[in-house]
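The values are calculated or read from the model by the stated rules, or taken from the named source; none is laboratory data. Fair warning: this is a prediction, and the values are worked out from it, not measured in the lab. Virtual Cβ from ideal backbone geometry, glycine too; neighbours counted across all protein chains shown.
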Amino acid sequence: AKDAGRNTLRLFLPSMQHVANERLKTLNDLRKGIEHSEFITFYQPQYDQNGCMVGAEALLRWQHPQKGLISPDNFIPLAEESGLIIELGAVVLETALSNLYSWIDSKQAPLSFQISVNISPLQFLQDSFVLKIKEALKNTSIAPSNLTLEITESVLLDNAKLAMEKIHALRDFGVQFSIDDFGTGYSSLAYLKQLSIDEVKIDRSFVRDILIDDSDAALVETVINLTSRLRLDSVAEGVETAAQFSFLKNLGCTRYQGYLFSKPLPLHEFKALLLSQKNL
Ligand code: C2E
Ligand code: CA
Ligand code: CA
Ligand code: CA
């Protein structure tokens, strides 16, 4: 048995080495990518019940010189583990806010236009988080009420008290908060009452099967009912069909995002879409 164990160990080493090497390579690539400004921000519009564009979510992309456009699922986990997400997060925030400033300034977007930015747990847990958000807003002359920060429930698990203090501090300042991927984690409906937040984002895994899976439909209905009772916004993510849209509308969902309306777009395409809106 001892020998077998040794053999197993021997067989394992090269592949572990390989994984470690790959990781190191990607990490170096990530660092270089940040240095060379290879990270860009896409925008996916959000609509109200009448089909008016009322905001957009900023979504990170990596324009890799050799590999082309890389989606966040392929680098966010490593950026999170390595701490580089702090720098990346700052880039997205600054880009999104300064773009929003120019849209509003040129009257391409209404004064109330909302920009939603994803905040990683590591970013949120930083001591300087509240200060950094306030500074980014001041630097770009954006009103705090135009910014929605999307956080996941996982940030509340470690130190709920401290997390709530940060949320309170920023909400007092005027910033809005959204709970992202609602229903996928340790979500508890009770949280919604305790937390002072502005909206709940229904994860697209629930929206996807809303017309074919009764339990998904029931869950979404419950969340929408509760958010409306609490006077919070409910945002459905991943709306792909007109049938999903009308089903959600009947449930009273307040906002919509998904391929039915638009995929996440690079800046110039998003600006063209803004210009084509008649509701400004
Ligand atoms: P998320 O925050 O849940 O973002 C929604 C994802 O759903 C986006 O994927 C979006 O492109 C996709 N999506 C939207 N509508 C539809 C639809 O109708 N059908 C389908 N199939 N997909 C749809 P994306 O852009 O690849 O981002 C993936 C995840 O990466 C995000 O999930 C978020 O967790 C993370 N991420 C993206 N940008 C950032 C960022 O700047 N900071 C941080 N910390 N995370 C980010
Ligand atoms: Ca999000
Ligand atoms: Ca999601
Ligand atoms: Ca709101």
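Is there a residue in segment 90-98 that is over 17 Å from Leu267 (Cβ atoms) and either aromatic (Phe, Trp, Tyr) or part of a helix (DSSP H, G or I) (or both)? Within segment 90-98, one or more residues are over 17 Å from Leu267 (Cβ atoms) and either aromatic (Phe, Trp, Tyr) or part of a helix (DSSP H, G or I) (or both). For segment 206-216, the count of residues that are among the charged types (D, E, K, R), under 15 Å from Tyr256 (Cα atoms) and either within 13 Å of ligand 3 (Cβ to nearest atom) or at pLDDT 95 or above (or both) is at least one. Looking only at segment 181-206, which residues are within 16 Å of ligand 2 (Cβ to nearest atom) and either farther than 20 Å from Phe245 by Cβ or without any contact (Cβ under 8 Å) to a residue 40 or more places away in the chain (or both)? The answer is Asp181, Thr184, Gly185, Ser187, Ile197, Asp198, Val200, Asp203, Ser205, Phe206.
Under the condition of being within 30 Å of Thr26 (Cα to Cα) and of a type in the set (Ser, Thr, Tyr), the residues counted in segment 70-123 number 6.
With respect to the conditions (1) touching a strand residue (DSSP E or B) at 6+ places or on another chain (Cβ under 9 Å); (2) within 13 Å of ligand 1 (Cβ to nearest atom); (3) without any contact (Cβ under 8 Å) to a residue 60 or more places away in the chain; (4) closer than 30 Å to Ile70 by Cα, Asp209 falls short on a single one, namely (1). Within segment 243-280, being buried (at least 16 other Cβ atoms within 10 Å of the Cβ) and of a type in the set (Gly, Ala, Ser) holds for Gly258, Ser262. Can you confirm whether Glu240 is touching a Phe, Trp or Tyr at 6+ places or on another chain (Cβ under 7 Å), surrounded by fewer than 19 Cβ atoms within 10 Å (Cβ to Cβ) and either over 24 Å from Leu59 (Cα atoms) or at pLDDT 90 or above (or both)? So Glu240 passes the test. Looking only at residues in segment 55-82 that are buried (at least 21 other Cβ atoms within 10 Å of the Cβ) and farther than 16 Å from Leu265 by Cβ, the one that is farthest from ligand 3 (Cβ to nearest atom) is Trp62. A residue that is under 23 Å from Gln114 (Cα atoms) and away from ligand 2 (no atom under 14 Å from the Cβ) can be found somewhere in segment 208-223. Can you say whether Glu38 is in contact with a strand residue (DSSP E or B) (Cβ under 8 Å, 6 or more places away or on another chain), of a type outside the set (A, V, I, L, M, F, W, C) and over 30 Å from Leu251 (Cα atoms), as far as the supplied structure shows? Yes: the conditions hold for Glu38. Within segment 192-202, identify whether any single residue is over 19 Å from Glu57 (Cβ atoms), within 16 Å of ligand 4 (Cβ to nearest atom) and surrounded by 17 or more Cβ atoms within 10 Å (Cβ to Cβ), and answer yes or no. Scanning segment 192-202 turns up at least one residue that is over 19 Å from Glu57 (Cβ atoms), within 16 Å of ligand 4 (Cβ to nearest atom) and surrounded by 17 or more Cβ atoms within 10 Å (Cβ to Cβ).
Picking from Glu87, Glu135, Glu94, Glu80, which residue would you name as being among the charged types (D, E, K, R) and closer than 22 Å to Lys201 by Cα?
Answer to the check: Glu80.
Checking each residue of segment 216-233 against the condition of being of a type in the set (Gly, Ala, Ser), over 19 Å from the mean Cα position of the chain (by Cα) and within 16 Å of Asp48 (Cα to Cα) gives at least one match. Look at Lys107 and say whether it is exposed (fewer than 14 other Cβ atoms within 10 Å of the Cβ), at pLDDT below 95, charged (D, E, K, R) and part of a loop (DSSP other than H, G, I, E, B). It is true that Lys107 is exposed (fewer than 14 other Cβ atoms within 10 Å of the Cβ), at pLDDT below 95, charged (D, E, K, R) and part of a loop (DSSP other than H, G, I, E, B).
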